[in-house]
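Below is one structure, written out as structure tokens; comments come after it.
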Amino acid sequence: MPIVVNLDIMLVKRGMKSKELAEIIGITPANMSILKSGKAKAMRFSTLEAICKALDCQPSDILEYVED
């Protein structure tokens, strides 16, 4: 898939665990795992906004387009 999710990288940069981020943004740890693995088929803008706010980053820090 040409969209790569770099959520793991941002979590490490911010010294935060995925479970902690899930609690902050109000999603389940299972859904956080799906997002981190890149297996999610979609992401709500409100979820992306909450992630960016919690990690103090831009959407481009989390999502990246990589040509096949």
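The values are calculated or read from the model by the stated rules, or taken from the named source; none is laboratory data. In this text, all values refer to a predicted model and were calculated from it rather than measured experimentally. Heads up, the Cβs are rebuilt from the backbone with ideal geometry, glycines too, and the neighbour counts pull from every protein chain shown. For accessibility, only protein heavy atoms count, side chains too; no ligands or nucleic acids. Shrake-Rupley method; radii C 1.70, N 1.55, O 1.52, S 1.80 Å.
Some values worked out for this structure:
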quantity	calculated
19 Å Cα-Cα reach of residue 19 towards lysines, excluding residues that sit fewer than 8 places from it in its own chain	36, 39, 53
Environment charge at residue 57 (Cβ cut-off 15 Å; Lys +1, Arg +1, Asp -1, Glu -1)	-1
Inter-probe distance in nm under a simple model that places probes 7 Å from Cα toward Cβ, at residue 42 and residue 64	2.6
Surface per residue (accessible, 1.4 Å probe) for the chain, Å²	72
Kirkwood Rh and Cα Rg combined as Rg over Rh, evaluated for the stretch 3-65	0.90
